[in-house]
Amino acid sequence: MKLIALSTLVMVAFAANSVLNRAAVGAGLIAALDFALLRAVAGAAVLVVLIRLRGGWLPLLVPRRVLGGAMLATYLIGFSLAYRAMDAGLGALILFGGVQITMFVGGLIMGERPPARRWWGAALALAGLVWLVWPGAGAMAPLWAVAAMGSAAFGWGIYSLIGRGSADPLGDTGAAFVWATVVVFVAVLVQTQASMANDAAWQGMMLAVISGAVSSGLGYALWYRVLPLIGASVAGLMQLSVPVIAGLGGTVLLAETPTRAMLFAGAVVLGGIGWGLWPQRTKGSSGS
């Protein structure tokens, strides 16, 4: 029961990132890469403070932590850029559809063998995502935005797979955020667009800090704590609930109007998750 509660909290945090990013970047309150940088800095700051409060240190020159930071930066950059041109729910659908594929393939490579029910559930959920982004479905985003979110999905999927072997969730997450800050900072330096050049930029900065410190830094540390307790395929399926939560958040908080395609996709995605995660009866079970 505790694992379910923690997992649900993590999914809500993931959805909050989509809503916060869309509210700031989509509304032009802050440049996409500036949002990503502030998000990384805020997450790193909170996690480093927590690590020091428990009397720990933060070794950075550990290969898995460097790779985790690079993948986290890939996710942060693609995520922020994509939300310049797509709604919160749509972006989350594309993101976690790609994450599911990445984690399923990664799980297979790492030796995991998901049961048939989980494959069918994943296929059904993925069918909902395909329906949503198919040309003519009424919710298709620009190709560059879809590609940006696709890169974010790859980064997040690999980052999550790395987290499955974490023995120190807080330390690994903190180190990843430190390395991600360095990578995103370099990306900001080479960008050509004007940065935070508008009167309302402070609002965007606040949203970035909240996203980084709370729903990213603390949320991801909790995710790294949960990941070792579940398989890669289960983690991939669970994350497909995030688009539905983000879509509801976008509707309520950002006045985004869900299309029929998005509503249909959400229903199919949830159905796939439910089917894939439903406990299978074993031979000899009474079913009671």
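The values are calculated or read from the model by the stated rules, or taken from the named source; none is laboratory data. The model shown is predicted, which means the values in this text are computed figures rather than measured ones. Every residue, glycine as well, gets a Cβ built from its backbone with ideal geometry; the counts of neighbours run over all protein chains shown.
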Out of curiosity, is R65 over 19 Å from L248 (Cα atoms) and either surrounded by 24 or more Cβ atoms within 10 Å (Cβ to Cβ) or among the charged types (D, E, K, R) (or both)? yes
How many residues does region 254-288 contain that are within 27 Å of G26 (Cβ to Cβ), in contact with a helix residue (DSSP H, G or I) (Cβ under 6 Å, 6 or more places away or on another chain), outside any loop (DSSP other than H, G, I, E, B) and modelled with pLDDT of 75 or more? 1
Out of L50, L29, L58, which single residue is hydrophobic (A, V, I, L, M, F, W, C) and part of a helix (DSSP H, G or I)? L50
From the set of residues in region 165-181 that are of a type in the set (A, V, I, L, M, F, W, C) and surrounded by 15 or more Cβ atoms within 10 Å (Cβ to Cβ), which is modelled with the lowest pLDDT? L170
Working only within region 129-146, note down all residues that are at pLDDT 75 or above and under 14 Å from G271 (Cα atoms). none
I need every pair where a residue in region 10-28 that is touching a residue at least 12 places away in the same chain (Cβ under 8 Å) has its Cβ under 9 Å from the Cβ of a residue that is in a loop (DSSP other than H, G, I, E, B) and of a type in the set (V, I, T), sequence separation at least 6 or different chains. A24/I30
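Every residue, every condition in (1) at pLDDT 85 or above; (2) surrounded by 17 or more Cβ atoms within 10 Å (Cβ to Cβ); (3) under 13 Å from the mean Cα position of the chain (by Cα), yes or no:
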{"position": "W156", "(1), (2), (3)": "yes, yes, yes"}
{"position": "A194", "(1), (2), (3)": "no, no, no"}
{"position": "G204", "(1), (2), (3)": "yes, yes, no"}
{"position": "G212", "(1), (2), (3)": "yes, yes, yes"}
{"position": "G219", "(1), (2), (3)": "yes, yes, yes"}
{"position": "A232", "(1), (2), (3)": "no, yes, no"}
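Regarding A15, is this residue out of contact with any Cys (no Cβ under 7 Å at 6 or more places or on another chain), closer than 24 Å to L189 by Cβ and modelled with pLDDT of 85 or more?
no
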Picked from region 239-253 (must be at pLDDT 75 or above and either surrounded by fewer than 20 Cβ atoms within 10 Å (Cβ to Cβ) or among the aliphatic types (A, V, I, L, M) (or both)), the residue farthest from G128 (Cα to Cα) is L253
Would you point out which residue out of I4, I51, I30 is buried (at least 22 other Cβ atoms within 10 Å of the Cβ) and among the aliphatic types (A, V, I, L, M)? I30
Do we find a residue being within 28 Å of V244 (Cβ to Cβ), small (G, A, S) and without any contact (Cβ under 8 Å) to a residue 24 or more places away in the chain anywhere in region 48-69? no
